[in-house]
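Below is one structure, written out as structure tokens; the observations come after it.
The values are calculated or read from the model by the stated rules, or taken from the named source; none is laboratory data. Source: prediction; values computed, not measured. Cβ: placed from backbone, ideal geometry, glycine included. Neighbour counts: every protein chain shown.
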């Protein structure tokens, strides 16, 4: 291979949840996508055949052209943890053990063979590049540090569990990433939070967002019980769970009889009415999680002396905790991997191989190396227009100068817009390319979008997308938050007097708290996305047009999907979601489609039967 020939490395995450593929070209992230977007199966854990194929197509290469293929964790270490856990808890967990072993012995123990067979099916060739295996938390740490804008940083990874580790600390310097310490299974902050997700009737590995959103409706009245019985927290943030109350180590559920007795009831039935108790539990575990995160961060700052912190792992998606951590000032700068969960491991394992195994130079990029997370499939406007014409869907085609002003006018009139532009985002957030948009000043917008568009619980908050240079005028935030991973309060100057004393629970939802009520949560907070012209030119132009028209530099931004559905990827996905919901307009590139002008929707499938509830 000559020195001028690009070096390609493929990273793969699969077989647990959120499988994904990422392709590096000479160490730079060229493409990344989650398999769920192709298969339309949310959190798809299967081998990412479609994502791998698409990544290779972007570089116009075959599998044979790859320098290496890297998998994001080590399955044999996971198997070791499984065996040791069952042995240490025997005879508890026999039912779970007998259920898991056939799967491991038949499939997962031979994942290397399965991975190679899947790759051979894509390539049509038995000859494959070398296959390497990273460690789970190394993949997380690498995904956080290497794309970050820092030469030197402390790195904190928190999730459910990898092979053994659940919490790890690292020090990144230039291209070196050194492990400092770890906390191992079964003691896990992520699994503790998931236990409360389960107990409150939400789905583990997807309902944690709901628990976080529910917390402001409650009072943290159970904090002392959690600290006394469930988790011991040291001054340095290290922690130890009392496994008497949990079944996840040996059973088929998260909590057990002792946990239920502690809180005087069995778990809430999914889809049943949410009571004040669930709200108070959500508030309580959120307080405990924030306390641990802040203590661990302080420990890491003391040990490394770094001014910069990188975060990854599923817990790093808790944007409320991130916002609290920023407010402490422990670190001067915080950067969070936008695909902080397992999908991001595909990027991390590939970058770890590039910098640590191949010992390649690291070039720090500003504002980061993630290309604003716009790493997925894009559809040229001319192709979209051709598809619309072929389908005979009525549409208004506008030029660049008119589109943004026209759509801003639609938003100002209270319309809900499906906005489909450019490359699909990588990670769980829609950041202005696969988004549903609304007017944040509209007092009915939050409920309307939840119940009529997203078909999800009314309490769930929506995020504001705001012009980055105006964020401090509206929110108590002094940094950019490009990936919607920081929560901050609405400025007092934008708040309205509220008479909700004595109101509890979801009754608080109906109060108008600010000049932008659609994005103001009941505790006056918001999950903020800052938008620059550099990060997303077209989305920035739209918000600028809305600001010019209304004096409000903010739009409601939520992901383009319904509950239980992956974010849309193709124009076909977008149109189907548009027609199944009560969105008013769909904007595909420069093409505007009005709901009332479209032919009658012939799909007899209801979204509730097609997508499993999250």
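Can you name the condition, by its number, that residue 583 falls short on among (1) in contact with a strand residue (DSSP E or B) (Cβ under 9 Å, 6 or more places away or on another chain); (2) part of a loop (DSSP other than H, G, I, E, B); (3) closer than 23 Å to residue 427 by Cα?
The single condition residue 583 does not satisfy is (3).
Within the range 423-444, is there a residue that is surrounded by 17 or more Cβ atoms within 10 Å (Cβ to Cβ), at pLDDT below 95 and closer than 20 Å to residue 515 by Cα?
Looking through the range 423-444, at least one residue is surrounded by 17 or more Cβ atoms within 10 Å (Cβ to Cβ), at pLDDT below 95 and closer than 20 Å to residue 515 by Cα.
For the range 38-62, what are the residues that are touching a strand residue (DSSP E or B) at 6+ places or on another chain (Cβ under 8 Å) and under 17 Å from residue 24 (Cβ atoms)?
Hits for the range 38-62 are 48, 51, 52, 54, 55, 56, 58, 59, 61.
Mind listing just one residue for me: the one in the range 499-519 that is free of Cβ contacts under 8 Å to residues at least 60 places away in the same chain, surrounded by 14 or more Cβ atoms within 10 Å (Cβ to Cβ) and in contact with a helix residue (DSSP H, G or I) (Cβ under 9 Å, 6 or more places away or on another chain) and, of those, nearest to residue 273 (Cα to Cα)?
Among those that are free of Cβ contacts under 8 Å to residues at least 60 places away in the same chain, surrounded by 14 or more Cβ atoms within 10 Å (Cβ to Cβ) and in contact with a helix residue (DSSP H, G or I) (Cβ under 9 Å, 6 or more places away or on another chain), it is 503.
On the basis of being farther than 26 Å from residue 427 by Cα, loosely packed, with under 15 Cβ neighbours inside 10 Å, at pLDDT below 95 and not assigned by TED's automatic domain parsing to the domain that holds residue 141, does residue 271 make the cut?
So residue 271 passes the test.
Scan the range 168-186 residue by residue and report those that are modelled with pLDDT of 95 or more, touching a helix residue (DSSP H, G or I) at 6+ places or on another chain (Cβ under 6 Å) and within 19 Å of residue 239 (Cβ to Cβ).
Those that are modelled with pLDDT of 95 or more, touching a helix residue (DSSP H, G or I) at 6+ places or on another chain (Cβ under 6 Å) and within 19 Å of residue 239 (Cβ to Cβ): 168, 169, 170.
Scan the range 591-611 and tell me whether some residue there is under 24 Å from residue 50 (Cα atoms) and at pLDDT 95 or above.
no
With the condition being without any contact (Cβ under 8 Å) to a residue 12 or more places away in the chain, I'd like the helices (runs of 4 or more DSSP H) fully within the range 297-411 carrying at least 2 qualifying residues.
Those helices (runs of 4 or more DSSP H) span 381-391.
Looking at the range 213-224, can you tell me whether even one residue there is surrounded by fewer than 24 Cβ atoms within 10 Å (Cβ to Cβ) and closer than 23 Å to residue 250 by Cα?
Within the range 213-224, not a single residue is surrounded by fewer than 24 Cβ atoms within 10 Å (Cβ to Cβ) and closer than 23 Å to residue 250 by Cα.
Go through (1) within 25 Å of the chain's Cα centre (by Cα); (2) at pLDDT 85 or above and name the single condition residue 493 misses.
Every listed condition holds for residue 493 apart from (1).
Taking the conditions exactly as written (in contact with a helix residue (DSSP H, G or I) (Cβ under 9 Å, 6 or more places away or on another chain) and either farther than 25 Å from residue 367 by Cα or in a strand (DSSP E or B) (or both)), does residue 526 satisfy them or not?
Yes.
Would you check which residues across the range 445-472 are out of contact with any helix residue (DSSP H, G or I) (no Cβ under 8 Å at 6 or more places or on another chain), surrounded by fewer than 24 Cβ atoms within 10 Å (Cβ to Cβ) and under 14 Å from residue 543 (Cβ atoms) and list them?
Scanning the range 445-472 gives 468, 469.
Criterion first (touching a residue at least 12 places away in the same chain (Cβ under 8 Å), buried (at least 19 other Cβ atoms within 10 Å of the Cβ) and part of a helix (DSSP H, G or I)) does residue 249 satisfy it?
no
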